[in-house]
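The values are calculated or read from the model by the stated rules, or taken from the named source; none is laboratory data. Note that the structure is predicted; figures quoted are calculated from it, not measured. Ideal geometry is used to build each Cβ from the backbone, glycine not excepted, and the neighbour counts take in all protein chains shown. Just the protein is used for accessible areas: all its heavy atoms, side chains included, with ligands, DNA and RNA removed. Shrake-Rupley method; radii C 1.70, N 1.55, O 1.52, S 1.80 Å.
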Amino acid sequence: EAGVTQFPSHSVIEKGQTVTLRCDPISGHDNLYWYRRVMGKEIKFLLHFVKESKQDESGMPNNRFLAERTGGTYSTLKVQPAELEDSGVYFCASSQDPRDTQYFGPGTRLTVL
Amino acid sequence: AQKVTQAQTEISVVEKEDVTLDCVYETRDTTYYLFWYKQPPSGELVFLIRRNSFDEQNEISGRYSWNFQKSTSSFNFTITASQVVDSAVYFCALSEAGGANSKLTFGKGITLSVRP
């Protein structure tokens, strides 16, 4: 069974540009989570989808971040316009049920110059 | 609010030494889950263990063991006879159990280096 996949693995953009990160959860997992780790800090929760609905988006830093999960399968996280402080590793995780263990993808390393 | 503290930031040991990674947590929830994840140099987060707050039994899996003590709010992880492949960043995490709020709260991670 394929694990959680994320694309791209790395992205380097200029401040002010737009970037879209993609996450494909494990097949059949209704719950999808986004997290972010800024250099040297904790991994922090961004938001949680149940199927295509946002269950909890309390961790989204500001309105420059837009997450979608059309059709309840893969999800995208768009940052527009990107700022320097958005640099970090963005992780996606999925689980079948909210009470189940979350399995993580390899992350996308975003560098904003 | 939930909080996870991993006071050790970097640990370096020689192969075959035992090493313990500490994790202390804070939560007001009466039921919760505790986790350890490993992040090897390749970057992905690998799930190691999940513990329910009701279950204080210690767990052993090969060279890995976990000591959960509610009295001290700790969930420590010991690697016995460490190997170079154990070199990674290890994260302890906490989540509420039983409700829809399933987000993980992570510690800052401990970088373990195992030298040959």
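Residues that are assigned to a loop (DSSP other than H, G, I, E, B) and open to solvent by less than 50 Å² (accessible area, probe 1.4 Å) were ranked within segment A:87-113; the one that is farthest from the other protein chains (Cβ to nearest Cβ) is A:87. Scanning segment A:1-19 for residues that are assigned to a strand (DSSP E or B), among the hydrophobic types (A, V, I, L, M, F, W, C) and open to solvent by less than 20 Å² (accessible area, probe 1.4 Å) gives A:13, A:19. With respect to the numbered conditions (1) touching a Phe, Trp or Tyr at 6+ places or on another chain (Cβ under 6 Å); (2) open to solvent by 40 Å² or more (accessible area, probe 1.4 Å); (3) in contact (Cβ under 8 Å) with a residue 12 or more places away in the chain, which one is the sole condition not fulfilled by residue A:43? The one condition residue A:43 does not meet is (2). The residues of segment B:48-71 that are in contact with a Phe, Trp or Tyr (Cβ under 9 Å, 6 or more places away or on another chain), more than 19 Å from residue B:89 (Cα to Cα) and open to solvent by 60 Å² or more (accessible area, probe 1.4 Å), listed by number, are B:56, B:57, B:58, B:59, B:60, B:69.
Scanning segment A:30-51 for residues that are more than 14 Å from every other protein chain (Cβ to nearest Cβ) and either farther than 27 Å from residue B:110 by Cα or at pLDDT 95 or above (or both) turns up nothing.
Of the residues making up segment B:70-96, just one is acidic (Asp, Glu) and either in contact with a Ser or Thr (Cβ under 7 Å, 6 or more places away or on another chain) or within 15 Å of residue B:25 (Cβ to Cβ) (or both), namely B:96.
Filtering A:50, A:4 for residues that are aliphatic (A, V, I, L, M) and within 16 Å of residue A:108 (Cβ to Cβ) leaves a single hit, A:4. Count of segment B:1-47 residues, restricted to those that are without any contact (Cβ under 8 Å) to a residue 24 or more places away in the chain, of a type in the set (A, V, I, L, M, F, W, C) and open to solvent by less than 50 Å² (accessible area, probe 1.4 Å), is 0. Sub-6 Å Cβ pairs linking a first residue in segment A:64-92 that is within 25 Å of residue A:29 (Cα to Cα) to a second residue that is among the small types (Gly, Ala, Ser), at least 6 apart or interchain, are A:69/A:75; A:77/A:67; A:89/A:107; A:91/A:107; A:92/A:105, ordered by first then second residue.
Looking at A:22, A:37, just one residue is among the charged types (D, E, K, R) and buried (at least 18 other Cβ atoms within 10 Å of the Cβ), and that residue is A:37. Of all residue pairs spaced 6 or more apart or on separate chains, those with beta-carbon atoms under 7 Å, a first member in segment A:26-40 that is without any contact (Cβ under 8 Å) to a residue 60 or more places away in the chain and a second member that is crowded, with 17+ Cβ neighbours inside 10 Å and hydroxyl-bearing (Ser, Thr, Tyr) are A:34/A:90; A:36/A:90. Screening segment A:61-86 for residues that are outside any strand (DSSP E or B) and buried (at least 18 other Cβ atoms within 10 Å of the Cβ) and picking the one that is farthest from the chain's Cα centre (by Cα) gives A:82. Cβ-Cβ contacts under 6 Å between residues 6 or more apart (or on different chains), taken from a first residue in segment B:72-93 that is within 14 Å of chain A (Cβ to nearest Cβ) to a second residue that is open to solvent by 40 Å² or more (accessible area, probe 1.4 Å), are listed as B:89/B:111. Looking across segment A:52-62, the residues that are of a type outside the set (D, E, K, R) and either touching a residue at least 60 places away in the same chain (Cβ under 8 Å) or more than 13 Å from every other protein chain (Cβ to nearest Cβ) (or both) come down to A:61, A:62.
For residue A:55, the conditions (1) in a loop (DSSP other than H, G, I, E, B); (2) at pLDDT below 95 all hold with the exception of (1).
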